[in-house]
Amino acid sequence: MKTVNFMPTFFMRYFYLFLAVFCLCISCSHKKYKNPHVEIQTRSGDIEVELFPDNAPKSVAAFLSYIDSGYYKNASFYRALNEDNQPTGNAETAMIQGGIWKTKHGMKIPGIPHESTQQTKLTHTNGTISLARQEPGTANTEFFICIGDQKGFDYGGDNNPDGQGYAAFGKVVKGMDLIKQFYIQPTNGDRLVDKIEILNVVRL
């Protein structure tokens with residue numbers, strides 16, 4: 001009686017199963033997040049931020065372009081607003097600000113069209129990342145992260161005299177404990193005595 005060798009068929013089945021699982025894993029790795037995630041890298045640890053391009057497309061596109069251009073290599077957190085360093089009578093707020101201002105001061109970067117929270121339907125809750133600015137349309141590389149809910153930064157809020165608020169475009173999803181540690185560092189006025197070095201900001 002002729003003996004039939006089933007071993008090749010057996011191994012082939014497992015090979016194709018392995019290949020299918022491998023391809024699925026590769027596909028999932030490219031679709032890990034619905035929204036872009038970025039990592040703010042510091043010597044003390046990393047902060048992961050989710051960005052919201054559907055809500056704030058211009059702000060997110062600009063922020064990602066700064067990352068891709070390498071602007072945030074050797075940047076810093078340099079400013080913190082707390083209850084001890086705000087003028088009496090102003091709407092009190094809590095945030096920490098970072099970007100390239102202290103390390104690459106003088107770079108000429110165009111402003112971003114202002115996307116108010118009235119447009120984006122985002123709001124400045126705890127961990128929200130938003131663009132710092134002077135007049136509407138002047139925001140670019142500088143950003144701040146809210147410590148606690150800061151509705152005064154929203155459209156119509158009290159923290160900017162023009163009432164347009166600031167352009168929220170993402171939220172910290174990991175590393176908020178680190179942000180809070182940076183926030184309580186000593187300040188001279190509203191400037192951190194020792195700026196917190198940002199090694200880089202990268203896409204995940």
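State, as an integer percentage, the relative contact order of segment 31-106 based on alpha-carbon contacts under 8 Å between residues 6 or more apart.
Reported relative contact order: 21 percent.
Viscosity 1.306 mPa s, temperature 10 °C: what is the translational diffusion coefficient of segment 151-204 from Stokes-Einstein with a Kirkwood Rh over Cα pairs, rounded to a whole number of µm²/s?
The Stokes-Einstein estimate is 114 µm²/s.
Cross-link list Lys34/Lys73; Lys58/Lys104; Lys32/Lys108: which exceed 30 angstrom alpha carbon to alpha carbon?
Lys32/Lys108
How large is the charge dipole for segment 33-203, taken about the Cα centre, if only the Cβ atoms of Lys, Arg (+1) and Asp, Glu (-1) carry charge, to the nearest 20 debye?
500 debye
Which loop trypsin sites (Lys or Arg not before Pro) in segment 50-129, with loop taken from DSSP, have no more than 13 other Cβ atoms within 10 angstrom of their Cβ?
Answer by residue number: Lys108, Lys121.
Hey, what's the Cα Rg ratio for segment 67-164 versus the globular rule of thumb, 2.2 N^0.38 Å?
Ratio of Cα Rg to 2.2 N^0.38 Å: 1.09.
With each pseudo-label sitting 7 Å past Cα toward Cβ, what's the Asp54-Arg203 distance in nm, one decimal?
A separation of 1.9 nm, rounded to one decimal place.
Please report, largest first and rounded to whole Å, the three semi-axes of the ellipsoid equivalent to segment 33-203, where each semi-axis is the square root of five times an eigenvalue of the C-alpha gyration tensor.
After scaling each eigenvalue by five and taking roots: 21, 20, 16 Å.
Give me Thr125, Thr117, Thr93 ranked fewest to most by other Cβ atoms within 10 Å of their Cβ, as a rough exposure proxy.
The most exposed by this proxy come first: Thr125, Thr93, Thr117.
Along the Cα-to-C-beta direction of Leu64, a point sits 7 Å from the Cα; which residues of segment 156-199 have their amide N less than 18 Å from that point?
Flagged as within label range: 168-173.
Laboratory data are not the source of any read-out in this text; all were calculated from the coordinates shown. Just so it is clear, the structure is predicted and the values come from calculations on it, not from any experiment. Positions of Cβ are backbone-derived with ideal geometry, glycine not excepted, and every protein chain shown enters the neighbour counts.
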